[in-house]
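Nothing in this text is a laboratory measurement; each read-out follows from the coordinates by a stated rule. Computed from a predicted model, the values in this text were never measured in an experiment. Glycine also receives a Cβ, built like all others from the backbone with ideal geometry; neighbour counts cover every protein chain displayed.
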């Protein structure tokens, strides 16, 4: 609801004191939805409400208002007894993007609840303060794959926004490779349904300048049985700058081959680009399906030596020799 006059605003403020917690929660949500900063102090008071639903709505509303006055109260909400309130407070601090939220969010990376840790890592990535680098590197060892993925993304975001400082820090500490390794491991273990994402968008993401984005797209394409993914993945299998992206691409090609697209990978042996042909042969070797034997045997006559070598190795994997 959009407020159009002070009387409506006043009624919502009064509703924050209503006996019914649902009414109080609705009022907090509505005040945040209106983005009226006159509500900041009132919503801060609602962070102390006796009911967790109201506190949850208040943290969300304060994030929408984006006022620096909210940072300290939201930092306090990171210690709320209800994990949903803590999670919402982390999200809100990420939306406000004020440096005052960095240290509280770093502490939240150790929260007992996984969703609080995930949102704390994401928020630190949005704030883009290099003070969070060390803590995010430690978060790459979190027991939850989602936390590790969020931490890797956050480190990448900080690197972009703060020029070379964080990446230099990683290189000095000898940890730059561990960031990519942790991200690869994290994305490999994520079970987010890929079918909800449009294939066209994922194919576009394969060309993104960020290796984390390319790796995530490659992982998702491996979960979707769509023949349009074969050629771009076959090309990237050797051409991407990141070894971890190339490894994810190879893994996705194998998954696609085992999910009914074996014939499409075999067809890629006749692609006009020798890079695609060679990587298709390598993928067929990893899949190790005897049905590819004849096509790989023909590929031994390919004009490109790299393709012939890949076909030979693939046939050995299949057990043809």
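Observations on the structure shown:
- Quarter of the Cα convex hull surface for segment 58-158, i.e. its orientation-mean projected area (nm²): 5.2
- Compared with the alpha-carbon gap, the fully stretched path from residue 84 to residue 45 is longer by 12.2 nm at 0.36 nm per residue.
- Length gained on full extension, residue 107 to residue 204, computed as 0.36 nm times the residue gap minus the Cα-Cα distance: 31.3 nm.
- Note on residue 141 and residue 258: their simple-model spin labels are 3.1 nm apart, each label 7 Å out from Cα toward Cβ.
- 222 nm mean residue ellipticity, helices alone, for the chain (DSSP H n ≥ 4; -39,500 (n - 2.57); rounded to 500): -20500 deg cm²/dmol
- From least to most packed, judged by other beta carbons within 10 angstrom and beginning with the fewest, 258, 301 follow the order 301, 258.
- Distances between every pair of Cα atoms in segment 1-124, grouped in 10 Å steps from 0 to the bin holding the largest one, split as 16, 47, 29, 8, 0 percent.
- Axis angle, to the nearest 10 degrees, between helix 6-15 and the longest C-alpha principal axis of the chain: 90 degrees.
- Solvent-free Debye calculation, one equal scatterer per alpha-carbon of the chain: log10 I(q)/I(0) at 0.14, 0.16 Å⁻¹ equals -1.00, -1.15.
- Label positions at residue 38 and residue 306, each projected 7 Å from the Cα along the C-beta direction, are separated by 6.7 nm.
- Considering segment 192-321, its Cα convex hull presents a mean projected area of 7.2 nm².
- Maximal additional length on extending the residue 10-residue 238 stretch stands at 75.8 nm, based on 0.36 nm per residue less the C-alpha distance.
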